[in-house]
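> Have a look at this one.
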Amino acid sequence: MGSKSQLFQYDEVAKHNHKKDCWIIISGKVYDVTPFLEEHPGGDEVLLLAVEKDATDDFNDVGHSDSAREQMEKYYVGKVDTSTIPAQPNYKLPAQAAAQSEQSSGLLVKLLQFLLPLLIMGAAFALQYYNKK
C-alpha cells in the first residue's frame with residue numbers, strides 16, 4: 001500500500017462508477033481500477049459490475065491468485081468507512097412463496113407417482129398387442 005491512507009465515505013466511492021472513473025471496495029479498502037479495466041482478464045464488465053457495493057464476496061468467490069492480490073496494491077487509494085456501506089439485499093423468498101413452491105412440487109411428485117405406472121402398463125399392453133399381430 002502507498003503512504004496515502006485516506007478514509008472515504010461509501011457515497012463518495014459510489015460516485016466513481018463508470019468506465020472512465022471506476023473505484024471498487026474490497027475488504028474495506030478502496031481501489032481505483034480505472035487504469036486496469038482494459039487489462040483485467042475477466043473483462044471490464046466484471047469490474048464495472050462490482051462498483052457501488054462491497055465487492056469482497058465477488059472478489060473472493062473468483063479465487064484470485066497471490067500475484068493478482070499483490071497487483072491490487074498499486075490501485076489502492078484508501079479505506080472506506082464500513083459503517084457507511086449499506087447492507088446488501090438478502091434475496092430469500094418470503095416464507096409463503098417458499099411454502100407454495102414446496103407444496104406445488106409435492107403435488108407434482110404425487111401426480112407422477114400415480115401416472116407413471118399407468119403409462120408403463122399402457123405401453124406394455126400396447127407392445128404385447130402389436131407383437132401378437
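> Among the residues in the stretch 34-49, are any under 26 Å from Ala87 (Cβ atoms), surrounded by 12 or more Cβ atoms within 10 Å (Cβ to Cβ) and hydroxyl-bearing (Ser, Thr, Tyr)? Even if it seems obvious, please write down each step before you answer.
Applying the first criterion (under 26 Å from Ala87 (Cβ atoms)) to the stretch 34-49 yields 45-49.
Restricting the remaining residues to those that are surrounded by 12 or more Cβ atoms within 10 Å (Cβ to Cβ) gives 46-49.
Filter once more, keeping what is hydroxyl-bearing (Ser, Thr, Tyr): none.
No, that holds for no residue.
> Additional query: Give me the pairs: first residue in the stretch 42-64 and among the small types (Gly, Ala, Ser), second residue open to solvent by 20 Å² or more (accessible area, probe 1.4 Å), beta-carbon distance under 6 Å, and six or more apart or on different chains, which are they?
Ala50/Asp58
The values are calculated or read from the model by the stated rules, or taken from the named source; none is laboratory data. Note that the structure is a prediction, hence the values are computed from the model and not measured. So basically every Cβ, Gly included, is an ideal-geometry build from the backbone, and we count neighbours across all protein chains shown. When the accessible area is computed, the model is the full protein with side chains, heavy atoms only, and any ligands, DNA or RNA have been set aside. Shrake-Rupley method; radii C 1.70, N 1.55, O 1.52, S 1.80 Å.
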